[in-house]
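The values are calculated or read from the model by the stated rules, or taken from the named source; none is laboratory data. Everything numeric in this text was worked out from a predicted model, so none of it was measured. We place every Cβ from the backbone using ideal geometry, glycine too, and count neighbours over all the protein chains shown.
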Amino acid sequence: MVKLRKKGLTALKIIISAALIYFIFTKLNITEVFDSVKKANPMYLVFALVFFVSSKIIAAFRLNLYFHELKIRLTHSSNLKLYLLGMFYNLFLPGGIGGDAYKGYVIKKKYDIETKKVVSILVLDRLSGLLLLFIYACLLMLILKNNQLEAFKIVLALAIPLSVVVFFVLNTKFFAYALPVFWKSFGYSALVQIAQLICAYLILKSLGIEMNTVAYLVIFLISSIVSVIPLTIGGLGSRELTFFYGAAWLGLNERTSVSVSMLFFLITALVSLLGIYYHFKRPELKIQRTKA
(Lines give C-alpha, C1' and ligand atoms only; values in the text may rest on other atoms or scores of the structure.)
Protein backbone atom coordinates (compact mmCIF):
# COMPACT_ATOMS: atom_id res chain seq x y z
CA MET A 1 0.00 0.00 0.00
CA VAL A 2 2.86 2.38 0.91
CA LYS A 3 4.72 1.60 -2.33
CA LEU A 4 1.53 2.15 -4.32
CA ARG A 5 1.04 5.54 -2.66
CA LYS A 6 4.63 6.56 -3.43
CA LYS A 7 4.22 5.56 -7.07
CA GLY A 8 0.99 7.54 -7.19
CA LEU A 9 2.70 10.63 -5.77
CA THR A 10 5.53 10.28 -8.29
CA ALA A 11 3.07 10.00 -11.16
CA LEU A 12 1.20 13.04 -9.86
CA LYS A 13 4.40 15.10 -9.64
CA ILE A 14 5.37 14.13 -13.20
CA ILE A 15 1.90 15.02 -14.47
CA ILE A 16 1.93 18.40 -12.70
CA SER A 17 5.43 19.24 -13.99
CA ALA A 18 4.49 18.22 -17.53
CA ALA A 19 1.20 20.15 -17.39
CA LEU A 20 2.92 23.32 -16.16
CA ILE A 21 5.64 23.10 -18.81
CA TYR A 22 3.03 22.46 -21.50
CA PHE A 23 0.97 25.43 -20.29
CA ILE A 24 3.98 27.75 -20.38
CA PHE A 25 4.94 26.71 -23.90
CA THR A 26 1.41 27.31 -25.15
CA LYS A 27 2.00 30.92 -24.10
CA LEU A 28 5.48 31.21 -25.60
CA ASN A 29 7.27 30.33 -28.81
CA ILE A 30 9.15 27.20 -27.71
CA THR A 31 11.64 27.52 -30.59
CA GLU A 32 12.64 31.01 -29.47
CA VAL A 33 13.12 29.84 -25.88
CA PHE A 34 15.41 26.98 -26.92
CA ASP A 35 17.28 29.28 -29.30
CA SER A 36 17.99 31.62 -26.37
CA VAL A 37 19.25 28.73 -24.29
CA LYS A 38 21.47 27.44 -27.11
CA LYS A 39 22.99 30.89 -27.68
CA ALA A 40 23.95 31.34 -24.03
CA ASN A 41 27.61 32.24 -23.48
CA PRO A 42 29.30 29.03 -22.18
CA MET A 43 32.00 30.95 -20.28
CA TYR A 44 29.42 32.59 -18.01
CA LEU A 45 27.62 29.27 -17.61
CA VAL A 46 30.83 27.60 -16.41
CA PHE A 47 31.22 30.28 -13.74
CA ALA A 48 27.53 29.94 -12.87
CA LEU A 49 28.12 26.21 -12.39
CA VAL A 50 31.05 26.94 -10.07
CA PHE A 51 28.94 29.21 -7.87
CA PHE A 52 26.08 26.72 -7.83
CA VAL A 53 28.43 23.96 -6.68
CA SER A 54 29.84 26.35 -4.06
CA SER A 55 26.33 27.03 -2.76
CA LYS A 56 25.69 23.30 -2.34
CA ILE A 57 28.99 22.73 -0.55
CA ILE A 58 28.15 25.53 1.90
CA ALA A 59 24.63 24.10 2.33
CA ALA A 60 26.15 20.71 3.14
CA PHE A 61 28.34 22.38 5.80
CA ARG A 62 25.21 23.96 7.28
CA LEU A 63 23.46 20.59 7.50
CA ASN A 64 26.52 19.04 9.12
CA LEU A 65 26.48 21.85 11.66
CA TYR A 66 23.01 20.69 12.70
CA PHE A 67 24.09 17.02 12.74
CA HIS A 68 26.89 17.93 15.13
CA GLU A 69 24.30 19.43 17.51
CA LEU A 70 22.72 15.95 17.62
CA LYS A 71 26.15 14.58 18.61
CA ILE A 72 26.54 13.04 15.14
CA ARG A 73 29.91 14.46 14.23
CA LEU A 74 30.18 13.42 10.59
CA THR A 75 33.32 14.35 8.70
CA HIS A 76 32.67 17.00 6.09
CA SER A 77 33.74 14.57 3.38
CA SER A 78 31.18 11.96 4.46
CA ASN A 79 28.46 14.56 4.74
CA LEU A 80 29.20 16.02 1.29
CA LYS A 81 28.86 12.57 -0.28
CA LEU A 82 25.58 11.97 1.52
CA TYR A 83 24.35 15.44 0.51
CA LEU A 84 25.18 14.82 -3.15
CA LEU A 85 23.37 11.50 -3.08
CA GLY A 86 20.39 13.29 -1.53
CA MET A 87 20.41 15.80 -4.40
CA PHE A 88 20.34 12.92 -6.90
CA TYR A 89 17.39 11.27 -5.14
CA ASN A 90 15.49 14.55 -4.85
CA LEU A 91 15.66 15.22 -8.58
CA PHE A 92 15.82 11.84 -10.25
CA LEU A 93 14.12 9.43 -7.82
CA PRO A 94 11.45 11.56 -6.11
CA GLY A 95 8.93 8.74 -5.79
CA GLY A 96 11.16 6.02 -4.42
CA ILE A 97 12.84 7.81 -1.56
CA GLY A 98 13.47 11.54 -1.50
CA GLY A 99 16.88 12.94 -0.69
CA ASP A 100 15.92 14.31 2.73
CA ALA A 101 14.08 11.12 3.63
CA TYR A 102 17.12 9.04 2.65
CA LYS A 103 19.51 11.18 4.70
CA GLY A 104 17.21 10.89 7.69
CA TYR A 105 16.90 7.13 7.21
CA VAL A 106 20.67 6.59 7.04
CA ILE A 107 21.39 8.76 10.08
CA LYS A 108 18.63 7.10 12.11
CA LYS A 109 19.74 3.60 11.17
CA LYS A 110 23.45 4.09 11.79
CA TYR A 111 23.33 6.15 14.96
CA ASP A 112 20.05 5.03 16.53
CA ILE A 113 18.88 8.55 17.19
CA GLU A 114 15.31 9.66 17.83
CA THR A 115 13.42 9.94 14.54
CA LYS A 116 11.70 13.15 15.61
CA LYS A 117 15.03 14.91 16.12
CA VAL A 118 16.45 13.78 12.77
CA VAL A 119 13.34 14.93 10.92
CA SER A 120 13.25 18.24 12.78
CA ILE A 121 16.89 18.94 11.92
CA LEU A 122 16.21 18.32 8.21
CA VAL A 123 13.16 20.59 8.37
CA LEU A 124 15.17 23.26 10.21
CA ASP A 125 17.85 23.09 7.53
CA ARG A 126 15.23 23.79 4.84
CA LEU A 127 13.61 26.59 6.84
CA SER A 128 16.96 28.28 7.37
CA GLY A 129 17.46 28.41 3.61
CA LEU A 130 13.93 29.70 3.01
CA LEU A 131 14.43 32.48 5.56
CA LEU A 132 17.37 33.91 3.65
CA LEU A 133 15.56 33.57 0.33
CA PHE A 134 12.77 35.66 1.82
CA ILE A 135 15.16 38.25 3.29
CA TYR A 136 17.09 38.70 0.04
CA ALA A 137 13.85 38.91 -1.95
CA CYS A 138 12.64 41.69 0.36
CA LEU A 139 15.99 43.53 0.11
CA LEU A 140 16.00 43.42 -3.68
CA MET A 141 12.37 44.52 -3.87
CA LEU A 142 13.26 47.50 -1.68
CA ILE A 143 15.81 48.72 -4.22
CA LEU A 144 13.74 47.73 -7.25
CA LYS A 145 12.13 50.68 -8.99
CA ASN A 146 8.58 49.51 -9.56
CA ASN A 147 5.39 51.51 -9.05
CA GLN A 148 3.45 48.45 -7.88
CA LEU A 149 5.92 47.88 -5.03
CA GLU A 150 6.19 51.45 -3.76
CA ALA A 151 3.17 51.12 -1.44
CA PHE A 152 4.60 47.96 0.14
CA LYS A 153 8.19 49.06 0.78
CA ILE A 154 7.61 49.91 4.45
CA VAL A 155 6.03 46.47 4.93
CA LEU A 156 8.98 44.83 3.14
CA ALA A 157 11.48 46.71 5.31
CA LEU A 158 9.68 45.64 8.50
CA ALA A 159 9.29 42.06 7.27
CA ILE A 160 13.05 41.48 7.29
CA PRO A 161 13.76 41.87 11.04
CA LEU A 162 10.35 40.41 11.89
CA SER A 163 11.10 37.22 9.93
CA VAL A 164 14.39 36.79 11.81
CA VAL A 165 12.67 37.28 15.17
CA VAL A 166 9.91 34.80 14.28
CA PHE A 167 12.46 32.23 13.13
CA PHE A 168 14.50 32.72 16.32
CA VAL A 169 11.38 32.22 18.46
CA LEU A 170 10.51 29.05 16.50
CA ASN A 171 14.03 27.76 17.08
CA THR A 172 13.75 28.52 20.79
CA LYS A 173 10.41 26.75 21.12
CA PHE A 174 10.78 23.74 18.82
CA PHE A 175 14.51 23.32 18.10
CA ALA A 176 16.16 24.37 21.35
CA TYR A 177 18.92 21.77 20.97
CA ALA A 178 20.06 23.56 17.77
CA LEU A 179 19.90 27.06 19.23
CA PRO A 180 23.67 27.27 19.94
CA VAL A 181 24.36 27.30 16.19
CA PHE A 182 21.49 29.63 15.23
CA TRP A 183 23.65 32.53 14.05
CA LYS A 184 26.31 30.32 12.51
CA SER A 185 23.68 28.47 10.46
CA PHE A 186 22.15 31.86 9.59
CA GLY A 187 25.55 32.91 8.22
CA TYR A 188 25.87 29.71 6.19
CA SER A 189 22.39 30.27 4.74
CA ALA A 190 23.31 33.83 3.81
CA LEU A 191 26.37 32.55 1.91
CA VAL A 192 24.34 29.79 0.22
CA GLN A 193 21.82 32.23 -1.20
CA ILE A 194 24.46 34.80 -2.17
CA ALA A 195 26.25 32.09 -4.17
CA GLN A 196 22.99 31.14 -5.88
CA LEU A 197 22.20 34.78 -6.61
CA ILE A 198 25.60 35.14 -8.26
CA CYS A 199 24.86 31.94 -10.19
CA ALA A 200 21.58 33.46 -11.42
CA TYR A 201 23.31 36.75 -12.28
CA LEU A 202 25.90 34.88 -14.37
CA ILE A 203 23.10 33.06 -16.19
CA LEU A 204 21.62 36.46 -17.01
CA LYS A 205 25.01 37.57 -18.31
CA SER A 206 25.27 34.41 -20.42
CA LEU A 207 22.00 35.40 -22.12
CA GLY A 208 23.25 38.92 -22.72
CA ILE A 209 20.80 40.50 -20.26
CA GLU A 210 22.15 43.87 -19.09
CA MET A 211 18.90 45.62 -18.11
CA ASN A 212 16.48 44.89 -15.25
CA THR A 213 18.86 42.43 -13.57
CA VAL A 214 17.47 43.20 -10.10
CA ALA A 215 13.95 42.41 -11.30
CA TYR A 216 15.08 39.08 -12.76
CA LEU A 217 16.88 38.23 -9.50
CA VAL A 218 13.73 39.01 -7.50
CA ILE A 219 11.82 36.53 -9.67
CA PHE A 220 14.62 34.00 -9.23
CA LEU A 221 14.38 34.23 -5.43
CA ILE A 222 10.59 33.95 -5.45
CA SER A 223 10.80 30.96 -7.81
CA SER A 224 13.30 29.30 -5.46
CA ILE A 225 10.79 29.64 -2.61
CA VAL A 226 7.96 28.25 -4.77
CA SER A 227 10.09 25.34 -6.00
CA VAL A 228 10.47 24.05 -2.43
CA ILE A 229 6.77 23.12 -2.44
CA PRO A 230 6.87 19.36 -3.25
CA LEU A 231 4.31 19.35 -6.07
CA THR A 232 6.68 18.91 -9.00
CA ILE A 233 9.87 17.06 -9.95
CA GLY A 234 12.73 19.11 -8.53
CA GLY A 235 10.73 22.31 -8.97
CA LEU A 236 10.48 21.73 -12.73
CA GLY A 237 7.41 23.52 -14.00
CA SER A 238 6.67 25.51 -10.83
CA ARG A 239 9.91 27.50 -11.21
CA GLU A 240 9.23 28.18 -14.90
CA LEU A 241 5.65 29.21 -14.13
CA THR A 242 6.90 31.66 -11.51
CA PHE A 243 9.41 33.12 -13.96
CA PHE A 244 6.70 33.45 -16.62
CA TYR A 245 4.17 35.28 -14.45
CA GLY A 246 6.88 37.17 -12.57
CA ALA A 247 8.13 38.55 -15.87
CA ALA A 248 4.61 39.63 -16.83
CA TRP A 249 4.16 41.27 -13.40
CA LEU A 250 7.43 43.25 -13.62
CA GLY A 251 7.18 44.02 -17.32
CA LEU A 252 10.05 41.77 -18.41
CA ASN A 253 10.49 39.53 -21.43
CA GLU A 254 8.71 36.23 -20.64
CA ARG A 255 10.78 34.23 -23.12
CA THR A 256 14.05 35.43 -21.61
CA SER A 257 12.75 34.87 -18.10
CA VAL A 258 11.81 31.25 -18.79
CA SER A 259 15.22 30.73 -20.48
CA VAL A 260 16.91 31.75 -17.21
CA SER A 261 14.81 29.22 -15.33
CA MET A 262 15.62 26.43 -17.78
CA LEU A 263 19.35 27.07 -17.61
CA PHE A 264 19.27 27.05 -13.81
CA PHE A 265 17.40 23.74 -13.87
CA LEU A 266 19.95 22.25 -16.30
CA ILE A 267 22.81 23.28 -13.99
CA THR A 268 20.96 21.78 -11.02
CA ALA A 269 20.31 18.55 -12.91
CA LEU A 270 23.94 18.26 -14.06
CA VAL A 271 25.32 18.60 -10.52
CA SER A 272 22.63 16.35 -9.04
CA LEU A 273 23.36 13.65 -11.60
CA LEU A 274 26.87 13.29 -10.16
CA GLY A 275 25.24 11.76 -7.09
CA ILE A 276 24.46 8.61 -9.10
CA TYR A 277 27.99 7.43 -8.26
CA TYR A 278 27.04 7.15 -4.58
CA HIS A 279 23.81 5.40 -5.48
CA PHE A 280 25.89 2.42 -6.61
CA LYS A 281 28.73 2.92 -4.14
CA ARG A 282 27.10 3.96 -0.88
CA PRO A 283 29.16 6.57 1.00
CA GLU A 284 30.71 5.37 4.23
CA LEU A 285 29.77 7.71 7.05
CA LYS A 286 32.82 8.54 9.13
CA ILE A 287 32.92 10.39 12.43
CA GLN A 288 35.37 13.17 13.19
CA ARG A 289 37.99 12.20 15.70
CA THR A 290 37.83 14.18 18.90
CA LYS A 291 40.97 15.97 19.96
CA ALA A 292 42.76 14.53 22.93
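Return the residue satisfying two criteria in turn: it lies in segment 172-188 and is within 22 Å of the chain's Cα centre (by Cα) and of a type in the set (Ser, Thr, Tyr), and of such residues it is nearest to LEU124 (Cα to Cα). Break it down into steps so the answer makes sense when it comes.
Step one: filter segment 172-188 for residues within 22 Å of the chain's Cα centre (by Cα), giving 175, 178, 181-188.
From what's left, of a type in the set (Ser, Thr, Tyr): 185, 188.
Values: SER185: 10, TYR188: 13 Å.
Result: SER185.
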Among (1) surrounded by fewer than 21 Cβ atoms within 10 Å (Cβ to Cβ); (2) of a type outside the set (D, E, K, R); (3) in contact (Cβ under 8 Å) with a residue 60 or more places away in the chain; (4) more than 23 Å from TYR216 (Cα to Cα), which single condition is LEU82 missing? (1)
What pairs come out if I take residues in segment 103-116 that are within 19 Å of MET87 (Cα to Cα) and part of a helix (DSSP H, G or I) and pair them with residues that are small (Gly, Ala, Ser) and at pLDDT 85 or above whose C-beta lies under 6 Å away, six or more apart or interchain? LYS103/GLY86
Among (1) of a type in the set (Phe, Trp, Tyr); (2) buried (at least 20 other Cβ atoms within 10 Å of the Cβ); (3) over 18 Å from LYS184 (Cβ atoms); (4) modelled with pLDDT under 95, which single condition is TYR66 missing? (3)
Do we have any residue at all in segment 46-67 that's among the hydroxyl-bearing types (Ser, Thr, Tyr) and over 19 Å from GLN288 (Cβ atoms)? yes
Return a yes/no flag: does segment 61-79 have any residue that is of a type in the set (Asp, Glu), on the phi < 0 side of the Ramachandran plot and in contact (Cβ under 8 Å) with a residue 24 or more places away in the chain. yes
Checking SER120, SER224 in turn, the sole residue that is buried (at least 17 other Cβ atoms within 10 Å of the Cβ) and closer than 22 Å to ALA248 by Cβ turns out to be SER224
Criterion first (surrounded by fewer than 20 Cβ atoms within 10 Å (Cβ to Cβ) and more than 19 Å from SER36 (Cβ to Cβ)) does GLU210 satisfy it? no
Between SER36, SER17, SER54, which is of a type outside the set (Phe, Trp, Tyr) and at pLDDT 85 or above? SER54
Do you know which residues across segment 254-292 are surrounded by fewer than 17 Cβ atoms within 10 Å (Cβ to Cβ) and within 20 Å of LEU207 (Cβ to Cβ)? LEU266, ALA269, LEU270
Keeping to segment 29-58, report how many residues are assigned to a helix (DSSP H, G or I), touching a residue at least 40 places away in the same chain (Cβ under 8 Å) and more than 29 Å from GLY129 (Cβ to Cβ). 1
Kindly indicate whether any position in segment 162-182 is under 30 Å from SER36 (Cβ atoms) and β-branched (Val, Ile, Thr). no
